[in-house]
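The values are calculated or read from the model by the stated rules, or taken from the named source; none is laboratory data. Since the structure is predicted, the reported quantities are computational estimates derived from the model, not experimental observations. All Cβ positions, glycine included, derive from the backbone under ideal geometry; neighbour counts span all protein chains shown. With ligands, DNA and RNA removed, areas are computed over all heavy atoms of the protein, side chains included. Shrake-Rupley method; radii C 1.70, N 1.55, O 1.52, S 1.80 Å.
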Amino acid sequence: MFWADTIADEVERRYENLIKAGLPLVVRDEKTASGRVHVGSLRSASMHAIVADVLRSRGHNVKFLFEINDFDPMDGIPSYLDTTTYEKYMGVPLCNIPSPVEGFENFAEYYGQEYVKVLDKVGFGAKVYRASELYRSGVMNEMIKKALERRALVRDIYFRISKSEKPEDWYPLNVICENCGNLSATKITGFDGELVDYTCSSDTIAWAKGCGHSGRMSPYNGNAKFPWKLDWAAKFVAQEVNFEGGGKDHYTKGGSRQVAEAIAREIFDHEPPYGVFNEFFLVGGKKMSSSKGGAATAVEMAETLPVHMLRLLLLRTPINRQIDFDPDSDAIPVLYDLYDKLAEKYWSGVRDDDSQVFTFSHLIDERAEFPVRYLPRFSQVAFLVQMPHMDIYEEVAKMKEEELTDLDIAELDERAVYAKRWLKEYADEKFIFTLQQTIPDAVSTLTETQQSALKLLSDKIELLETIDGQTLHELIHEVKGESGLTPQEFFGAIYTVFLGKDSGPKVGWFLSTLTKDFLIKRLRGEE
Ligand SMILES: [Zn+2]
């Protein structure tokens, strides 16, 4: 079963009453806007988005919330920012730090909005809100009060579940210092039911500087923030969440998810939402991982693939299995091949898990009708766009053995754009081909047996009336058999005389894109 259907089934089972009452099912996800967003975070966003999407497709009322967490403190300075400028903000909520680029209200807005744009583009868009708004609205006040009053029980939960020992004088909350604005450097020392006493000191935590101020203030309406695990639990309650998962790092035994669930139940008297973990989305490839401060960003990925391909990449793998994607390798051509296979199956009328993956790989407004079109193999398009002497429309029409329709042309144009981008930005050297205008030097490395096999091939080609991929394919295999060469030796020799390297695209098809005269001459070693 398509993994998102399995999750949606469980959501329906657990929230049957809510559904019957016509109340919305709430799906929530969040991202801390502490810098450029790594592509890996698309895994979590896609899980929530697709579950919301599947539930909606079943006719349910779904509220999908995405939080830009702008209230977390800065706890590290991204490598691409100036340390001396940002040092002083360590421990300050992200929404109170200036944006690195003009035109944005604050630091978190700059990075948060960039990410939200990507989510909108890939159709993972949700109702966006900010963590700062949630705290300032007062909706967290009741939970803040409960956590402060039940702090002994909070300590007990931390110890019971995660074996983490908090000092006896610990309060599960940080206030924003009225004097210097730091959050991480403050420490609450007392609570009378309404106001807290606090100090702001460099002794509180190693990486944030306090100002030495001490005071008494209200912890409500955005003056304070929970530490992470309580924060998570409080948001389950505040937003009445029904489905929210998270990265598998949060789902370890004694990890933040277990602690948050216990806090929701025991401190806030609220049943936590259903959730599952998502595995990681790793991006290999030298170029992508070294391009922007050592991290492949979500923005970059959204430019590397068209929307439906990026969605397919994120949806095809069960959410509890890792995705390892390396754009330098053949991962992109292979992804296109998968898409083509799913499309053919879908168009043939089969409806199964594959057709679910195919359907949800498209944006909602593309789904109702998905007309048949010719899908030229991406690897072949990538080869064609490197051959300036060829008319790609003509070559693809030959592959199709029919004239191209407008839809075919639109598809080809899109593939050509992304193929060029792939070749320029990522593709490994082995995918780069140049048809050699003169006989390449590498030909001198061919053995006599290889040379005579090429000669035999040219003789046979000369006898052909017309040359097409299939005929050449058969001929090439015939000659290979007669030559006694291994496939690598024989095909390598063919690629060498034309491309100056011993590998290339599917050989019969490749040769069919050249003229007969050129083929014969080059195989015979004539200029
Ligand atoms: Zn201070």
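Brief remarks follow.
- Shape category assigned to the stretch 1-138 from the gyration tensor of Cα positions, a/c cut at 1.5: prolate
- Highest mean packing first, where packing is the average number of other Cβ atoms within 10 Å per residue, the peptides 400-413, 513-526 line up as 513-526, 400-413.
- Computed label-point distance, nm, for sites Glu429 and Arg216 using a 7 Å Cα→Cβ extension: 7.3
- 37 Å tail of the calculated P(r), the chain, as % of Cα pairs: 46
- Cα gyration tensor category, rounded, prolate or oblate, for the stretch 160-215 with a/c compared to 1.5: oblate
- Largest to smallest in accessible area, the residues Lys88, Lys398 fall in the order Lys88, Lys398 (1.4 Å probe, all protein chains included).
- For His38, the accessible area of its heavy atoms, probed at 1.4 Å with every protein chain present, is near 80 square angstrom.
- When the C-alpha to C-alpha distance is required to be over 21 Å, the pairs from Lys341/Lys506; Lys31/Lys117; Lys480/Lys501; Lys31/Lys166 that qualify are Lys31/Lys166.
- Accessible area of Ser99 (1.4 Å probe, protein heavy atoms only, ligands and nucleic acids ignored): about 30 Å².
- Between Glu87 and Asp517, the modelled labels are 7.3 nm apart [label points 7 Å from Cα along Cα→Cβ].
- With the charge dipole of the chain set up from +1 on Lys and Arg Cβ and -1 on Asp and Glu Cβ about the Cα centre, the Cα lying farthest toward the positive end among the listed residues Tyr171, Phe191, Ser202 is that of Phe191.
- Estimated [θ] at 222 nm from DSSP helical runs (n ≥ 4, -39500 (n - 2.57)) normalised by residues in the chain, nearest 500: -14000 deg cm²/dmol
- Electrostatic dipole magnitude of the stretch 1-127 [Cβ: Lys, Arg +1; Asp, Glu -1; Cα centre; debye, to 20]: 500
- Charge dipole of the chain about the Cα centre (unit charges at C-beta), most positive-ward option of Val372, Asn223, Gly125: Asn223
- Taken about its Cα centre, the chain carries a charge dipole of roughly 1580 debye when the Cβ of each Lys and Arg holds +1 and the Cβ of each Asp and Glu holds -1.
- Spin-label pair Leu456-His477: with each label point 7 Å from Cα along the Cα-Cβ axis, the two points sit 1.7 nm from one another.
- Förster radius 51 Å - calculated FRET efficiency between Thr449 and Ala368 (Cβ-Cβ, nearest 0.05): 0.30
- Note on exposure: Met1, Met390, Met140 ranked by accessible area (1.4 Å probe, complete protein assembly) read Met1, Met390, Met140, with the most exposed listed first.
- Once the Cα-Cα distance is subtracted from the 0.36 nm per residue extended length, the Glu165 to Ser503 segment shows a gain of 115.6 nm.
- Gyration tensor verdict on the stretch 185-316 (Cα atoms; rounded if a/c is under 1.5, prolate if a/b is larger than b/c, oblate otherwise): oblate
- Solvent-accessible ranking of His362, His250, His473, largest area first, probe 1.4 Å: His473, His250, His362
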